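Novice: Mind looking over this structure? Questions follow.
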Amino acid sequence: MGDSPSTRYDPQAVEAARQAAWRERDAFRTPPPAEDRPHLYIKPSAPFTSGNVHIGHVRSYSIGDAYARFRRARGEDVLFAFGFDAFGLPAELGAIAGGEPPSEWVARCAEHMTGQLQRLGFSFDWERSFMSSDAIMYRWSQWLFLVLLDAGLIYRGAGNVDWCDNCQTTLASIQVEAGGTCWRCHGPVRLIELPQWYLRISAYLPENDQRLAELAAGGRWDEVALASQQYVLGRVDGVELDLTAPSAPEASGAGPAPQPSASGAAGEGARLTVFTPHADALGQARFVLVSPRHPDAEAWAAGVQQELARMRSGGWERSAREAETIPLIDTGRTLGGPDGRELPVIVTPLVDSRFGVTAVLGIPAADHADEVLAQRLGLDLEPELEESTQEQRQAGQAAAPGARAAVRYKAFDFAISRQRSWGTPIPIVYCEVCGAVPVPREQLPVLLPLDIRPTGAGNPLAELADFVETACPACGGPARRETDTLDCHFDALWLWVPACVPPQEREEPLEEIFALPDLRHWLPSERLVAGSDSGNFVFDQRIVTKALRDIGPLAFLADGEPFAGCLFHEMVIREGRKMSKHLGNVVDPDELLARYGADTVRLAVLYAARPQRSLNWSDSAVLRCHRFLTQVWDYAHAQLLQARREEAGELPASAGTGGEPAAVRDTSEHLRVKLAGWCENGVARITEDMEQLEMHSAVRNVMRLFDRIKDFEKRVLARQPQLGQADREALIDALTQLIQVLGPLAPHIAEELWIAFGGEEHGAQTPWPGVSLQVPA
Ligand SMILES: [Zn+2]
Ligand SMILES: [Zn+2]
């Protein structure tokens, strides 16, 4: 048996011993694929290499780790590994502040964070961890870029970026100060139009929408995660109908006479499909709104092209989205409305933020924003509003027999290129003869020079002749490399896949990697555990999975879903506010670890709140959990000491072994039955909690079970002077089950006690009650 029972609970010693044992027996190595064994891939979030593990990370990984250990405890094979999201602006800014190359900065940060996560005892397979900024990994981004480009899902278009003239650089929105000035030089920032690479997501919006019902029915997506997907999708239900331009277009006072567009899309008799969520008010439509990104916007605004160009580059993306201030362009054109009235055609980005890239009916009588726009357009609504009757509404519907049910989505294509040096180089070269030419896949990766030192001004990549000057892969002539890099959001599109790839296979061509049986074995991930701010990432991962299914590499994922289950947890706050250095309310995990140990910290973050709720930090949860673990430790050792003394005959022969008065035996037998029932009940509840990732509830039920066990002893001792042998056995058995259910929640102390109680030490995890894990030969 274990240590002397007089040993006080010393979490630092217990945790150091357990972690050394786990390392020694390589406890968390991913088992090789064995189809006959139950198996699952639990995907933790990919942390930014920020340099420090914060309490929000601790929450996230405590939930995922408890779940991983629970599934292992039931004898299942678990893949639990992640990669660092190491590219991007936060890392670049950190490196600038630290005055070192970003590659060195992220390596140092990742090493430090790995040490912190290991100290917390998370059961990651570290051999499978990786950095998205490693060349062997970012070639995944480049390969994906080329595959999606081939499939027409990546395209080049014009987009608006914030630009600082002093620093000669584009700025991310977080680098634009509140007054619209540059974070670095505090000079003015203006929006300029630059060619950007875009990811086309529109083709998969209806399927992402349709699959949501299946995911909800599967029961493994929690309500926060599902709601985030609905929010990002932005589905609006309504009707659409085709309107036709009147045969004699109104002359426009705002510009030259309208020119029929090359396609004739907006000429006489031209048609436009318009949408509205107000199916019952079609007859009250007073104007038509067209998104400036609508494919036909150019044709409709042919008479006011300059205004359209100004709008497209004019900063509306950052301007207020309110109807009171949003830019409007009257095209001077009209369409015949549902009730025969001529409706002016207006171009405005208000459409985008409300309905996506489309055209909609403006119905002031049914929609407040439209009412505001009507006033701004000077439309005289009063008589109309007074006259408006039910009959007229119905007349409007009757006048539009072509109206059909329709859906619009707000989610839209987004720019994936950044004019920054710390990111995946985009595998494109520009040749004067051939134009934009993709780098052939066999030439990947296009290496990012590691000695770049960004300063915040300009893009240092564009100044490196060795990098920029190259030969055209198509004609061999001189060419220049694309110096934009991919946004780290693009890296996130694949970051959930490589954990499934054994490290020795990682250098293979990607086509071969996607053919590995390991991917079919582990994918889709049974559960993603991530912060509730991951909705956009997950949405786009779901889109790209469907694209790769149709293109081929992920054809085995029939529903195109990367995650069969998804848990989004809320953040950790303090005094009701987000933690920040500025507010001085940051909880430092290292301090807590040094004081209370990993088991207490982990148990406390699980105990303090349901994952789907914000965790308002208080030290009382830590104190409560520390007291609990100390009591379990002391009580378990006291019981072991007692049992040992009885075995050694140091104490009088115990009751219940025969020859005792029947009444005494009967009393404690009844209590033993009761204890067994409490255990059975408790374990069943905790099992259910763990299956549902309701760890806060699991911790409470573990605490309750411990109270029951102590209560059993108290009740027996109220009836007889000491525990009989059967009572002692029942008590030890109950404590053993307590230790087992504690295993996934506070793994170090649980395994230490498990061993003290005579349990086998092997594999990844102490077994769940009723489960016997195979002891390796
Ligand atoms: Zn500047
Ligand atoms: Zn060429």
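The values are calculated or read from the model by the stated rules, or taken from the named source; none is laboratory data. All values reported here derive from a predicted model rather than from experimental measurement. Note that we place each Cβ from the backbone using ideal geometry, even for glycine, and neighbour counts take in every protein chain shown.
Novice: Out of the stretch 117-144, which residues are within 20 Å of the chain's Cα centre (by Cα), surrounded by 22 or more Cβ atoms within 10 Å (Cβ to Cβ) and among the hydroxyl-bearing types (Ser, Thr, Tyr)?
Specialist: 132, 133, 138, 141
Novice: Select from the stretch 515-535 the residues that are of a type outside the set (S, T, N, Q) and part of a helix (DSSP H, G or I) and write down the one among them that is farthest from residue 38 (Cα to Cα).
Specialist: Filtering the stretch 515-535 for residues that are of a type outside the set (S, T, N, Q) and part of a helix (DSSP H, G or I), the one farthest from residue 38 (Cα to Cα) comes out as 533.
Novice: Follow-up question, since we're still on this one. Based on this model, can you work out whether residue 575 counts as acidic (Asp, Glu) and either more than 15 Å from residue 620 (Cα to Cα) or under 20 Å from the mean Cα position of the chain (by Cα) (or both)?
Specialist: Considered against the rule, which asks whether it is acidic (Asp, Glu) and either more than 15 Å from residue 620 (Cα to Cα) or under 20 Å from the mean Cα position of the chain (by Cα) (or both), residue 575 comes out as no.
Novice: Of the residues in the stretch 321-372, how many are in contact (Cβ under 8 Å) with a residue 60 or more places away in the chain and among the hydroxyl-bearing types (Ser, Thr, Tyr)?
Specialist: Looking only at that region, the number is 3.
Novice: In this structure, is residue 278 modelled with pLDDT of 90 or more, in contact with a Phe, Trp or Tyr (Cβ under 9 Å, 6 or more places away or on another chain) and surrounded by fewer than 22 Cβ atoms within 10 Å (Cβ to Cβ)?
Specialist: No: the conditions fail for residue 278.
Novice: Still on this structure, please answer the following. Could you list all residues from the stretch 657-703 that are small (Gly, Ala, Ser) and at pLDDT below 95?
Specialist: 658, 659, 662, 663, 668
Novice: Name the residues in the stretch 219-238 that are closer than 12 Å to residue 209 by Cβ and not in a helix (DSSP H, G or I), would you?
Specialist: Residues satisfying the conditions are 234, 235, 236, 237.
Novice: Residues that are within 16 Å of ligand 1 (Cβ to nearest atom) and in contact with a Lys or Arg (Cβ under 8 Å, 6 or more places away or on another chain): find the helices (runs of 4 or more DSSP H) completely inside the stretch 87-193 holding 3 or more of those.
Specialist: none
Novice: Please work out which residue is farthest from ligand 1 (Cβ to nearest atom), limiting yourself to the stretch 194-214 and to residues that are in a helix (DSSP H, G or I) and free of Cβ contacts under 8 Å to residues at least 40 places away in the same chain.
Specialist: Going through the qualifying residues, I end up with 213.
Novice: Can you tell me which residues in the stretch 230-245 are out of contact with any strand residue (DSSP E or B) (no Cβ under 8 Å at 6 or more places or on another chain) and crowded, with 17+ Cβ neighbours inside 10 Å?
Specialist: The answer is 232, and nothing else.
Novice: Which of (1) over 25 Å from residue 91 (Cα atoms); (2) at pLDDT below 85 is the odd one out, the single condition residue 151 does not satisfy?
Specialist: Going through (1) over 25 Å from residue 91 (Cα atoms); (2) at pLDDT below 85 one by one, residue 151 breaks only (2).
Novice: Given the structure, is residue 8 at pLDDT 95 or above and basic (Lys, Arg)?
Specialist: no
Novice: Considering only residues that are closer than 13 Å to residue 498 by Cα and of a type in the set (Gly, Ala, Ser), look in the stretch 126-178 and name the one that is nearest to ligand 2 (Cβ to nearest atom).
Specialist: 141
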